[in-house]
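This report concerns only the one structure given below.
The values are calculated or read from the model by the stated rules, or taken from the named source; none is laboratory data. Model, not experiment: these values are computed from the prediction. Glycine also receives a Cβ, built like all others from the backbone with ideal geometry; neighbour counts cover every protein chain displayed.
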């Protein structure tokens, strides 16, 4: 199944709690089964995903790749789509985890191979390895070095 990631910021505003479940957790955090998305308009397109773990919350920076990652067309294995009860791409919210470098924020990368797919209707998610993983990187550079960067005074 092809999943076209689209930006739906209004979804975050209208959901009562922005909470969803991750029955299997995510890679490295298998014991974290509840998550919540938070955002601040001035931080968009970045969102905060807060995982609830046994030792307290763990925060991740994530983004919806639509409109941000050119030509990102992920394919989800049929069994992953079935497990999440996704029968149509519009039912899927796609989140990619961003890795920030503290000393060099312009070297931020985004994991395009292992997105978190959430069923918008059931609010159940799962981190998956996409079927067309060979086309992408787990450390995709978010800001190209030759891109102009706007600096505010």
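From the list 84, 95, 37, 63, which residue is surrounded by 12 or more Cβ atoms within 10 Å (Cβ to Cβ) and over 18 Å from residue 124 (Cβ atoms)?
63
Looking at (1) modelled with pLDDT of 95 or more; (2) surrounded by 17 or more Cβ atoms within 10 Å (Cβ to Cβ), which is the only condition residue 69 fails?
Unmet for residue 69, out of (1) modelled with pLDDT of 95 or more; (2) surrounded by 17 or more Cβ atoms within 10 Å (Cβ to Cβ): (1).
Could you please give the count of residues in the range 124-153 that are at pLDDT below 95 and assigned to a strand (DSSP E or B)?
Here the count works out to 2.
Of all residues in the range 8-23, which are part of a loop (DSSP other than H, G, I, E, B), surrounded by 15 or more Cβ atoms within 10 Å (Cβ to Cβ) and modelled with pLDDT under 95?
18
Among the residues of the range 98-115, are any under 12 Å from the mean Cα position of the chain (by Cα), in a strand (DSSP E or B), within 18 Å of residue 24 (Cα to Cα) and modelled with pLDDT of 95 or more?
no
Give just the number: which of (1) under 23 Å from residue 34 (Cβ atoms); (2) part of a loop (DSSP other than H, G, I, E, B); (3) touching a strand residue (DSSP E or B) at 6+ places or on another chain (Cβ under 6 Å) does residue 121 not satisfy?
(3)
Would you check if there is a residue in the range 143-151 being closer than 21 Å to residue 26 by Cβ and either within 15 Å of the chain's Cα centre (by Cα) or in contact (Cβ under 8 Å) with a residue 40 or more places away in the chain (or both)?
No: the range 143-151 contains no residue that is closer than 21 Å to residue 26 by Cβ and either within 15 Å of the chain's Cα centre (by Cα) or in contact (Cβ under 8 Å) with a residue 40 or more places away in the chain (or both).
Need a quick list: strands (runs of 3 or more DSSP E) entirely within the range 24-84 having at least 2 residues that are touching a helix residue (DSSP H, G or I) at 6+ places or on another chain (Cβ under 9 Å).
34-38
Determine whether the range 118-132 contains at least one residue that is surrounded by 13 or more Cβ atoms within 10 Å (Cβ to Cβ) and closer than 21 Å to residue 44 by Cα.
Scanning the range 118-132, I find at least one residue that is surrounded by 13 or more Cβ atoms within 10 Å (Cβ to Cβ) and closer than 21 Å to residue 44 by Cα, so the answer is yes.
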